[in-house]
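What follows is a short report on a single structure.
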Amino acid sequence: MKHLLIIILAIGCGVILFLGNAHWNERTGLSTQKTELETKESGSNTEASKAEAPSNTSKITLEEFEILSKNWPDAAKKQFELSLQKEAPFKIVLAGSEALGNDTNGWAQLTKAELEKAYGTDSLEVVIQTYNGTSMDFSAENKAKELAALKPDLILLEPLTLNDNGEVRIEDSHTHISNWIETVRAENPEAVFIIQPPHPIYQASYYPVQVEELKKYTETNEIPYLDHWTAWPDPQGEEILGYLSEEGDVPNKEGHLLWSKFVNEYLISK
């Protein structure tokens, strides 16, 4: 009897072990299949996402460029198209006084960001150059050579006109500009210049005369002139003070935004 009981218990344990093992295999098998299925689905979704995602290129096409550059001088358009063919970045230099702004809120930095976004960093490079002093100082320190060394394709130049106020004669200021252009083009004959005045200031008397003469100089020499003064409030009225620093000598945040918006709308047609 005792031996029979032992045999029955052994058989019972064997059945229990067999059933438990079968159940475990079934569970783990299902889990493995589920994991493999999820992995395959995840991989499929990843591939689909890759296929659906647009290519993150920073290079512009010729067709896109033709639309955005509607206002550009023809010579600059031609140079940019050649750069695209050579797969070399087209270099724009924003040069002028400290009115360009020395931080990320300056109009030059804002414009640089928009240009790179519109044209792509593989197609276009933007360099910002600020200078102290007058046009006479600029010439005496041979800064035009430094500008030429950058090998710019397009230079948007603010020629230190406000710094020259009361320091340099208008005629001499224009002579300096002509010399700078010659220096740059000696290194790169295809370089294109666009000239713009500095910002307006409140109730100036002689300074507007300088700016008007600068405009005439560009017309005489057939240099494109970017007249952003048309976007500012009347310099004789108090509204202009809302766009200048407390000292009134440089643009404040609102002034930089206004200036940048005007330049961007010229260089980036939409």
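For this structure, a couple of remarks:
- Residue in region 120-133 that is crowded, with 20+ Cβ neighbours inside 10 Å, over 16 Å from the mean Cα position of the chain (by Cα), over 28 Å from residue 59 (Cα atoms) and of a type in the set (Gly, Ala, Ser) present: no
Residue-wise test of (1) touching a strand residue (DSSP E or B) at 6+ places or on another chain (Cβ under 6 Å); (2) farther than 23 Å from residue 77 by Cβ; (3) buried (at least 19 other Cβ atoms within 10 Å of the Cβ).
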| position | (1), (2), (3) |
| --- | --- |
| 198 | no, yes, yes |
| 208 | no, yes, no |
| 212 | no, yes, no |
| 219 | no, no, no |
| 223 | yes, no, no |
| 238 | no, yes, no |
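- The helices (runs of 4 or more DSSP H) found wholly in region 170-270 and carrying at least 1 residues that are under 26 Å from residue 116 (Cβ atoms) occupy 170-187, 253-267.
- Residue within region 93-101 that is in contact with a helix residue (DSSP H, G or I) (Cβ under 6 Å, 6 or more places away or on another chain) and part of a helix (DSSP H, G or I) present: yes
- Yes/no for residue 181 being under 26 Å from residue 81 (Cα atoms) and without any contact (Cβ under 8 Å) to a residue 60 or more places away in the chain: yes
- Hits in region 109-150 (condition: over 22 Å from residue 79 (Cβ atoms), assigned to a helix (DSSP H, G or I) and of a type in the set (Phe, Trp, Tyr)): 138
- When residue 80 is tested against (1) of a type in the set (A, V, I, L, M, F, W, C); (2) touching an Asp or Glu at 6+ places or on another chain (Cβ under 9 Å); (3) modelled with pLDDT under 95; (4) more than 18 Å from residue 195 (Cα to Cα), only condition (3) is not met.
Each row is one residue, and each column tells you yes or no for (1) touching a strand residue (DSSP E or B) at 6+ places or on another chain (Cβ under 6 Å); (2) at pLDDT below 95.
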| position | (1), (2) |
| --- | --- |
| 103 | no, yes |
| 117 | no, no |
| 129 | yes, no |
| 145 | no, no |
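- Positions within region 151-169 being open to solvent by less than 40 Å² (accessible area, probe 1.4 Å), of a type outside the set (Val, Ile, Thr) and either without any contact (Cβ under 8 Å) to a residue 40 or more places away in the chain or outside any helix (DSSP H, G or I) (or both), in sequence order: 152, 153, 154, 156, 157, 158, 159, 160
- Residues of region 97-113 classified as crowded, with 18+ Cβ neighbours inside 10 Å and under 18 Å from the mean Cα position of the chain (by Cα), total: 9
The values are calculated or read from the model by the stated rules, or taken from the named source; none is laboratory data. Values in this document were obtained by computation on a predicted structure and should not be read as measured data. Every residue, glycine among them, receives a Cβ derived from its backbone with ideal geometry; neighbour counts consider all protein chains shown. These accessible areas exclude ligands, DNA and RNA; they are computed on the full protein's heavy atoms, side chains included. Shrake-Rupley method; radii C 1.70, N 1.55, O 1.52, S 1.80 Å.
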